[in-house]
Each structure stands twice: as structure tokens, then as C-alpha cells.
Amino acid sequence: MIQPLSSHDRVFVLTGAGVSAESGLPTFRGADGLWRGYRVQDVATPEAFRANPEMIWQFYSERRKRHATVMANAAHFALAKLEQALGERFFLCTQNVDSLHEQAGSQRLVHMHGRLMQTRCSRESCRTKPFADERLYMQRAEIPTCPQCGAMMRPHVCWFGEVPYSMDRIFEQLRICSVLLTVGTSGVVEPAASFVRMARMNRAKAIYVGPEEPANRAFFDAVVLGKAGEVLPGMVKELVG
Ligand code: NAD
């Protein structure tokens, strides 16, 4: 039984690939997992991009094509409704690179692993900002270069060995939240897997929603087993009426 929120509660929501599963986007480790057929190091490291930018852009262009056809599901809409009820006492951190939370109306959110539909300069020191980009780059000659420094552009996604984005803001929100609601993430990908421990250190109550227990289950006060799209609409009603 989930307790209704009080007017003092601040909610930090962490979502992973599972929240988008019912929209038809495969999870990282699911049976029809995203990386099957690709070695991770071939498609998700800065070294791989330097070695073969054309292959990396083909991979992400295929993902862009797929993402352009999917729709937000009941879980994304339920979280947008929770945000509407809580206003600035709500914060959403997603590990997903899709735009389905935005499509459902979420506004107070960060993408800690970047966004598939954005492109940025591959030179670390370059200050050109990531920009919205739905184009597909299938040939090396099509890959754009940075107008500022001339380096090749890359997808704005966080690769293995890179530091996730917006971490200062995330740590601040973890410090002040009183409820951590985690949805559809296996609890093995760091640093997100440690957020529950951080929130608990500050006495937040921690709830997990997903069809199976996460690897960091021991840190949660409550685990609600089920698909996000089936559980969250009812849970949000219980939390905010
Ligand atoms: P993961 O694949 O490691 O785990 C997915 C979790 O979702 C599992 O625990 C599974 O039980 C759960 N799940 C499956 N169906 C669900 C449903 N209907 N409702 C709720 N939960 C469900 O994913 P992760 O922990 O998020 O880590 C994978 C990494 O891969 C992330 O960092 C993310 O950036 C990336 N990724 C993103 C997308 C996307 O943007 N949609 C998709 C795949 C992977």
C-alpha cells in the first residue's frame, strides 16, 4: 500500500529502459535486447567512434529511425501527471535517450545519458551546444562537421567510459527528495544504481516499479512488481489523488 504524498514531499523519479518497453523500444538486457548482434564496444565508446564514425552513425541512425515511430505509453503519461500535481517538488532523471517523457508532457527532467535526437561536436573542449537533429547519416561524407572547430559531429549520447550529464543537479535533487520512485531499471548500470543508496542516506522512502526485482532490491522500502504502464497510473492516483 503506497501512502499519499504530503504537501512537503519532494519526489525524485529515476527511469530506465523498462519505462519505454511498452512503447516498443527494447531494453538493454531484454530477450530482444538492443545490443544483440553488436558488441557494445563497437558502438558505444569514444574509441569506436574515432575508429569508425560511419559505422557508429549508421547504428544511431537506425535507432533514430525506430524512435521516430514510437509513442509514449501510460507510464510516461502517469509521470507527467505526477509532475503536474507536484510542480517544482518533482524531478525526473531518465537514463533513456528517447524523447517519450517529453512527448507525454514532462518538463522538469534531465537525460543523464543524453538524447538520441541530438547531435554535438566530438571535440571535448569545443563549446558548441548539442542541437536537435533527426537526420540520418549513413555515409561518411554525410557526417556534419562542427561550425566552430571543424571536428566531426557525434550523437549526443553518453558512451562507456564517459561521465553522465547533469550530475550536479541530480545529486542536489537526490539530497533534497523525500521519495525516490525508480521505474524499469535493472539496478546494475552505475552511477544510477547507487541513487537509491544516496537518497536513503537522506532518509528518503524508496519505491521500485518493474516486472522483476532489481539487482539493488535490498535498498528499496517497497517493490511493486508489474509493468510500468499498468502500475503507474494507479500508483500516481494513490500518491496525489
Ligand atoms: P536494462 O535493460 O538494464 O533494464 C531494464 C529493466 O526494465 C529490467 O530491470 C526489466 O525488468 C525492466 N522492464 C522490462 N519491461 C518493463 C516494463 N514494461 N515496465 C517496467 N520495467 C520493465 O535498462 P537500464 O537499467 O535502464 O540500463 C540500460 C542502459 O541502456 C541505460 O543507461 C539506457 O541509457 C540505455 N537504454 C536506453 C533505451 C531508451 O532510451 N529507451 C533503451 C535501451 C537501453
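The values are calculated or read from the model by the stated rules, or taken from the named source; none is laboratory data. Quantities reported herein were computed from a predicted structural model and do not represent experimental measurements. Cβ placement follows ideal geometry from the backbone for every residue including glycine, while neighbour counts extend to all protein chains displayed. Side chains are part of the model used for accessible areas, which takes the heavy atoms of the whole protein and leaves out ligands, DNA and RNA. Shrake-Rupley method; radii C 1.70, N 1.55, O 1.52, S 1.80 Å.
Could you tell me how many degrees, from 0 to 90 and to the nearest 10, lie between the Cα long axis of helix 53-67 and the main elongation axis, the longest principal axis, of the Cα atoms of the chain?
Rounded to the nearest ten degrees, it is 40.
By average Cβ neighbour count within 10 Å, what is the ranking of 230-236, 70-76 from highest down?
Top to bottom by mean Cβ count within 10 Å: 70-76, 230-236.
Of the residues Gly87, Gly187, Gly114, which exhibits the maximal mean-square fluctuation in a Gaussian network model of the chain defined by a 10 Å Cα contact cut-off?
In the Gaussian network model the winner is Gly87.
Answer rounded, prolate or oblate for the chain, using the Cα gyration tensor with square roots of eigenvalues a ≥ b ≥ c: rounded when a/c is under 1.5, else prolate when a/b is larger than b/c, else oblate.
prolate
Quick check: pseudo-label points 7 Å beyond the Cα along Cα→Cβ at Glu124 and Glu62, how many nm apart are they?
2.9 nm
How would segment 199-241 be classified by its alpha-carbon gyration tensor: rounded, prolate or oblate, with rounded meaning a/c under 1.5 and the a/b versus b/c comparison settling the rest?
oblate
Could you rank the peptides 160-166, 125-131 by their average count of other C-beta atoms within 10 Å per residue, with the highest value first?
160-166, 125-131
Test of understanding: in a Gaussian network model of the chain with alpha carbons linked when under 10 Å, which of Gln84, Gln58, Gln148 would top the mean-square fluctuation ranking?
Gln148
With every protein chain left in place, what is the accessible area of Phe90 in Å² (1.4 Å probe, nearest 10)?
0 Å²
Give the angle, between 0 and 90 degrees and rounded to the nearest 10, that separates the Cα long axis of helix 228-240 from the longest principal axis of the Cα atoms of the chain.
Once rounded, one gets 50 degrees.
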